[in-house]
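What follows is a set of notes on a single structure, which appears directly below.
The values are calculated or read from the model by the stated rules, or taken from the named source; none is laboratory data. This one's a predicted model, so the numbers in the text were calculated from it and none came from an experiment. Here the Cβ positions follow ideal geometry from the backbone for every residue, glycine too, while neighbour counts run over all protein chains shown. Accessible surface areas use protein heavy atoms only, side chains included; no ligands, DNA or RNA. Shrake-Rupley method; radii C 1.70, N 1.55, O 1.52, S 1.80 Å.
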Amino acid sequence: MNQNKFQRTKIGLLPNDWQVTPLNNYADIITKGTTPTTYGFNYEEEGINFVKIESIDNNGKFKVDLFTKISEEAHKKLKRSQLKNNDLLITIAGNLGRIALVNEEILPANTNQAVAIVRFSEKNPNDLRFIYHFLKGYSLKKYIQMVSTVGAQPNLSLKQVGEIDLALPPLNEQQKIAAILSSVDEAIEKTEQIMEQTETVKKGLMQQLLTKGIGQTDFKDTPIGKIPSSWNLISIDELFVVEGGMSFSRAQLSEDGYPYIHYGDIHASKKQYIDTEDFDSMPKINIEKSKIKQGAVVGKGDIVISDASEDTDGIGRYFVIRDQGNELIVSGLHTIVLKDKSTLLDDFYKEYVFQSLLMKKQFRRIATGATVYGISKGNVKKLLVPVPPKEEQIKIARMIIETDRKITHENSKLPFLRNIKHGLMQQLLTGKVRVSINENEEVPS
């Protein structure tokens, strides 16, 4: 390919027919939001959507459940920061460079001073979706690293937002690039929606199975609520040996040593189990084996429970050790270890029973504290576990595992789709691959 067809610009090597221009050449308005409390307005339980940094994710999607609300009166007063359809939002304080495109679904809406509003006129000769995708690309991240000021927190000025350079191909190429990237975004979003729906189904299925069983019609009242008449209630103390973890600070962790389970890692994980595939990513504690408390050593089938949380919903979160391979695993700070001393629980049923509402309510009941909640080994021993006949336990576990497999299958698609998008953005948003002119023509390295 003839390199003369490309130009060197301040944002890199681009095709000759691409235009490099600052954002403010095409934006009619670049402004930012307002804080309602500055004008004497409080946030409300219901009302107009109010967009903050945390309600825009890194993928350019609105987290609707994280919108704050303001009154209609406040919305009318804060006229400058009222959002309109197709406004481009860029976060300019704290987490810089998150971008979202306003749609009718979130309107009416308003925003605060940490979010810049970029508004284009209908006469804008460019494809707005292309500009949105371009700004989500890597040149913006480089620009932010170069110009952001750091004080109490990093920030961008509105002047700097206006000076962000756009690399603009001919309109028909903009439209094709935007269509391609939007189609990948749609595939990612659909996959995420399927995962969310399956997670919702799983939660409902689990609570049904773990409290009412399979095909049960006869129930009895118990200290923890109604359960099938054929089920037993057995205390944790009868089912398990209860031990405490071994406390180490994060500063003592290293890249080498024994895999170490910290209560913070339990809270941060979306899984309720650890398998051999997890060991490489787990923190390690470098300590002589003889100095490890025997009760803190955990192995296959053991349950490690977090005994501390900032909220009661986090109390009782846990890991089950599915397989340890040849590893010695150490249970650490703020954990309680349950080791089997009976064969009454099926291994896979055991993985799920502690997620049942019957168990969660008990964990909440024994939690004590104000800003941080905790549970003691003594109180954990008294908790009552619903135990169906073994055959029913196995059936319950199989049904939940099948749902888990569907979630895992959908989850496996996401890295593939995100890698595709990453590659497409690098190729299409720089003109290395042309989609309209000279199809698939590549720039030399």
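Note on Lys5 and Lys79: the model spin-label points, each 7 Å out from Cα along the C-beta direction, lie 5.2 nm apart.
Report Rg(Cα)/(2.2 N^0.38 Å) for region 59-160, keeping two decimals. Could the numbers behind the result be given before it?
Numbers: Rg = 14.2 Å, N = 102, 2.2 N^0.38 = 12.8 Å.
Taking N as the residue count of region 59-160, the ratio is 1.12.
Rounded to a whole number, what % of the accessible area of region 307-445 do carbon and sulfur atoms account for, probe 1.4 Å? After summing per-atom areas, the C and S share lands at 51 percent.
Computed over protein heavy atoms with a 1.4 angstrom probe, the accessible surface ordering of Ser356, Ser342, largest first, is Ser342, Ser356. Pairs of Lys residues in region 332-410, spaced 8 or more positions apart or belonging to different chains, with C-alpha separations under 20 angstrom: 25 in total. Spatially, region 173-202 and region 239-316 are offset by 36 Å when compared through their Cα centroids. When the Cα gyration tensor is reduced to axis lengths a ≥ b ≥ c, the ratio a/c stays below 1.5 for region 278-413, which is therefore classed as rounded. Remark: accessible surface ordering of Tyr263, Tyr273, Tyr132, Tyr39 (largest first) is Tyr39, Tyr263, Tyr273, Tyr132, probe radius 1.4 Å.
Excluding the sites themselves, what is the longest stretch of the chain that contains no GluC sites (Glu not before Pro) in a DSSP loop with at most 12 other C-beta atoms within 10 Å?
With GluC sites (Glu not before Pro) excluded where exposed in loops, the chain gives 123-254 as its longest stretch.
Taking every pair of alpha-carbon atoms in region 234-304, give the share separated by more than 14 Å as a whole percent. Show your work: numbers first, answer last.
Values: 1618 of 2485 pairs.
Roughly 65 percent, rounded to a whole number.
Note on His75: accessible area is roughly 20 Å² with a 1.4 Å probe, heavy atoms of protein only. Computed with a 1.4 Å probe over protein heavy atoms only, the accessible area of Val297 comes to about 30 Å².
On a per residue basis, the chain carries 51 Å² of accessible surface, using protein heavy atoms and a 1.4 Å probe. Near Thr276: Cβ cut-off under 13 Å, other residues only, Lys/Arg at +1 and Asp/Glu at -1. The net charge is -4. A probe of 1.4 angstrom, applied to the heavy atoms of all protein chains, finds Ser121 with accessible area near 40 square angstrom.
In this model, which of Lys212/Lys270; Lys76/Lys136; Lys5/Lys421; Lys270/Lys421; Lys190/Lys270 are farther than 29 Å apart at the alpha-carbon?
Checking Cα-Cα distances, Lys76/Lys136 exceed 29 Å.
For the chain, the normalised intensity computed at q = 0.06, 0.08, 0.09, 0.13 Å⁻¹ comes to -0.39, -0.67, -0.81, -1.16 (log10 of I(q)/I(0), Debye sum over alpha carbons, equal scatterers, no solvent).
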